[in-house]
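Asks: Handing you a structure now.
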Amino acid sequence: MSSLLHPRKDDDPSDKLVELDPTVFAHPIRRDILHLCVVHFLDSLRQGTASTKTRSEVRGSGRKIRPQKGSGMARLGDGQSPMLRGGGVAFGPKPRDFSTKLPRKVIQMGMRVALSARVKERNLRVVQSLQWPGTKTKGMAQRLKELGWEKTLFVTGQETVPHGLACSSNNLLKAETVTVKELNVYDIVKWPQVVMDVDAVEWLEQKLSKALGADSSSLIP
């Protein structure tokens, strides 16, 4: 178990060991499951608000621009034709919902696979607490550089992110803080380092563990 703060000299080394549930943190790696979960999450972020007007929606007269014959030029209808400047758009985008559906059990498996991949890469750290004294960004940046956690996702099991950690890391581009209930597969895959407190580990094991048969219906994708 790592420490966000500088460890004390009287700390017992045995207290730094955390046992992880193998059904959650040692799942076989499934790239296809990760791909499904990432695409599902990114689809949900798409606004789908792009909109254009067709020739029937563009304001203007419906009068025929010139006679059908006799002008020596191509025949034309009204001024809202997609061929004319200021006319409607042919086959343009309309507001739509880009979100896709994915079974809950697939999302849960994606969480297990993503966490297991970080553990296998030795890029998942567990700390006793994410409490941080003060709110200065400089101190946090120096500490993360010392630990080699410059591109890190912090996950807390508390209801809200600790005030000191949130304020001190808010201006850091290479650090992000979330609660465990907000955690998703995309965040785990996106950030090279994942640091979570003991409460977050316990919450994930309770929701994702197969051995305990836990009810994971409240897991937020």
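Please treat every number below as a calculation from the coordinates, not as lab data. These figures come from a predicted structure and were not determined experimentally. For neighbour counting, all protein chains shown are included, and Cβ atoms are generated from backbone atoms with ideal geometry for every residue, glycine included.
Asks: Mind pulling the angle between the C-alpha long axis of helix 31-45 and the longest principal axis of the chain? Nearest 10 degrees, somewhere in 0 to 90.
Replies: The two axes meet at around 60 degrees.
Asks: What angle do you read, to the nearest 10 degrees and between 0 and 90, between the alpha-carbon axis of helix 198-208 and the longest principal axis of the chain?
Replies: 60 degrees
Asks: Then there is this: Starting from one equal scatterer on each C-alpha and no solvent at all, send me the Debye-based log10 I(q)/I(0) for segment 42-190 at q = 0.11, 0.13, 0.20 Å⁻¹, two decimals.
Replies: Per q value, in the given order, log10 I(q)/I(0) is -0.65, -0.75, -1.23.
Asks: Would you count, across segment 23-130, every pair of lysines whose alpha carbons are under 30 angstrom apart, provided the pair is eight or more residues apart or spans two chains? Display every interim value, and only then the final one.
Replies: On the way: Lys53/Lys64; Lys53/Lys69; Lys53/Lys94; Lys53/Lys101; Lys64/Lys94; Lys101/Lys120; Lys105/Lys120.
Final tally of qualifying lysine pairs is 7.
Asks: Rank-order 189-197, 53-61, 66-74 by packing density, defined as the average count of other C-beta atoms within 10 Å over each peptide's residues, highest first. Could you put the intermediate results ahead of the total?
Replies: Details: 189-197: 20.3, 53-61: 12.7, 66-74: 8.3.
So the peptides 189-197, 53-61, 66-74, ranked by packing, come out 189-197, 53-61, 66-74.
Asks: Only helical DSSP H runs with n ≥ 4 go in: add -39500 (n - 2.57) per run for the chain, normalise by residue count and round the 222 nm mean residue ellipticity to 500 deg cm²/dmol.
Replies: Values: 7 runs with 71 residues, N = 221.
Computed mean residue ellipticity for the chain: -9500 deg cm²/dmol.
Asks: 7 Å from Cα along Cα→Cβ at both Ala50 and Gln142: what's the point-to-point distance in nm?
Replies: 4.8 nm
Asks: Round to the nearest 0.05 the FRET efficiency obtained for Ser99 and Arg31 when R0 = 25 Å and r is the Cβ-Cβ distance. Show your work: numbers first, answer last.
Replies: Values: r = 23 Å, r/R0 = 0.91.
Result of the calculation: an efficiency of 0.65.
Asks: Put a dot 7 Å past each Cα toward the Cβ at Asp187 and Met83; how far apart are the dots in nm?
Replies: Inter-label distance under the simple model: 5.5 nm.
Asks: Still on this structure: Give me a comma-separated list of calculated 3J(HN,Hα) values for segment 186-196, in order, Karplus coefficients 6.51, -1.76, 1.60 applied at θ = phi - 60°, integers in Hz, x for any Gly or Pro.
Replies: 4, 4, 5, 6, 5, 8, x, 10, 10, 10, 9
Asks: With N set to the number of residues, divide the alpha-carbon radius of gyration of segment 47-97 by 2.2 N^0.38 Å and report two decimals.
Replies: Details: Rg = 14.0 Å, N = 51, 2.2 N^0.38 = 9.8 Å.
Computed over Cα atoms of segment 47-97, the ratio equals 1.43.
Asks: A further question follows. Rank the residues Val38, Val155, Val198 as a footprinting-exposure proxy: fewest other Cβ atoms within 10 Å of their Cβ go first. Before the final figure, lay out each step's value.
Replies: Working: Val38 18, Val155 29, Val198 15.
If I rank by nearby Cβ atoms, fewest first, I get Val198, Val38, Val155.
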